[in-house]
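**Student:** Once you've had a glance at the structure underneath, I'll fire off some questions.
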Amino acid sequence: MLKDNLKTLRKNKGLSQEELSVKLNVVRQTISKWETGLSVPDAEMLVKISNYFNIPVSTILGENIEEKEQNDLKVIAEKLEIINDQLATNQELKRKRIIKCLIITNIFLILLFILLAFLNSPYQNWDYEKLEYAILGTFYHSFEWVYFKVAPIIVIIISIIIIFLIKKDDK
């Protein structure tokens, strides 16, 4: 019977209803309904199921399939494959986050560079006889000098890193 054969095939492959539903692109409740006999898959889905389990549709619809001994190594290998897929997905997300952070940093540096260029060193007009202005002006001038000398190099390096990361993504 169909319902028993689907359940047996799923268990022989070491899959849960959730895992099989992901493989067949249906919801878990659909697998449950098929296995309890509340509904049956349509013709296209039967073909998809037979392709996934690598058996003919007539076998799925025919006599009961005997439950085979689960090959522990095969089940473990399939579980490891799922875990490896999840790890690869997590690594890809991490890489994309790094690229976004580099792009945001690059944009921030460029905006700060433009802001400092438009301010045109306002500290040069300050009254340096007051101690606060003298200290603040010295820090401002030091920051501006370092920023205009070092920031363009940093922006170029960050841009190169982003380009290499994006090129790596294209491969």
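The values are calculated or read from the model by the stated rules, or taken from the named source; none is laboratory data. Owing to the predicted nature of the structure, the values given are computational and were not obtained by experimental measurement. Note: ideal-geometry Cβ built from the backbone for every residue, glycine included; neighbour counts use all protein chains shown.
**Student:** Out of Ile98, Ile110, Ile135, report the one residue that is without any contact (Cβ under 8 Å) to a residue 60 or more places away in the chain and closer than 22 Å to Ser159 by Cβ. Spell out how you get there, then give the answer.
**Tutor:** Numbers: Ile98 fails: without any contact (Cβ under 8 Å) to a residue 60 or more places away in the chain; Ile135 fails: closer than 22 Å to Ser159 by Cβ.
Only one candidate qualifies: Ile110.
**Student:** Another question, if that's okay. Could you check, for the range 118-141, whether at least one of its residues is at pLDDT 85 or above, closer than 30 Å to Ile160 by Cα and surrounded by 12 or more Cβ atoms within 10 Å (Cβ to Cβ)?
**Tutor:** Looking through the range 118-141, at least one residue is at pLDDT 85 or above, closer than 30 Å to Ile160 by Cα and surrounded by 12 or more Cβ atoms within 10 Å (Cβ to Cβ).
**Student:** Related question: Any residue in the range 87-105 that is polar (S, T, N, Q) and not in a helix (DSSP H, G or I)? Let's see the steps before the verdict.
**Tutor:** At the first step, the residues of the range 87-105 found to be polar (S, T, N, Q) are 89-91, 105.
Filter once more, so that each one left must be not in a helix (DSSP H, G or I): none.
So far as the range 87-105 goes, no, none of its residues is polar (S, T, N, Q) and not in a helix (DSSP H, G or I).
**Student:** For Leu80, only one of the following conditions fails: (1) out of contact with any Leu (no Cβ under 8 Å at 6 or more places or on another chain); (2) aliphatic (A, V, I, L, M); (3) modelled with pLDDT under 80. What is its number?
**Tutor:** Leu80 satisfies every listed condition except (3).
**Student:** Filtering the range 106-143 down to residues that are assigned to a loop (DSSP other than H, G, I, E, B) and among the hydroxyl-bearing types (Ser, Thr, Tyr), which residue is farthest from the chain's Cα centre (by Cα)? Let's see the steps before the verdict.
**Tutor:** Quick first cut of the range 106-143, residues assigned to a loop (DSSP other than H, G, I, E, B) only: 120-121, 126-130.
Filter once more, keeping what is among the hydroxyl-bearing types (Ser, Thr, Tyr): 121, 128.
Values: Ser121: 45, Tyr128: 55 Å.
Looking at residues that are assigned to a loop (DSSP other than H, G, I, E, B) and among the hydroxyl-bearing types (Ser, Thr, Tyr), I get Tyr128.
**Student:** Quick one: which of Val26, Val75, Val22, Val47 is assigned to a helix (DSSP H, G or I), at pLDDT 90 or above, out of contact with any strand residue (DSSP E or B) (no Cβ under 7 Å at 6 or more places or on another chain) and surrounded by 11 or more Cβ atoms within 10 Å (Cβ to Cβ)?
**Tutor:** None of the other options fit; the residue is Val22.
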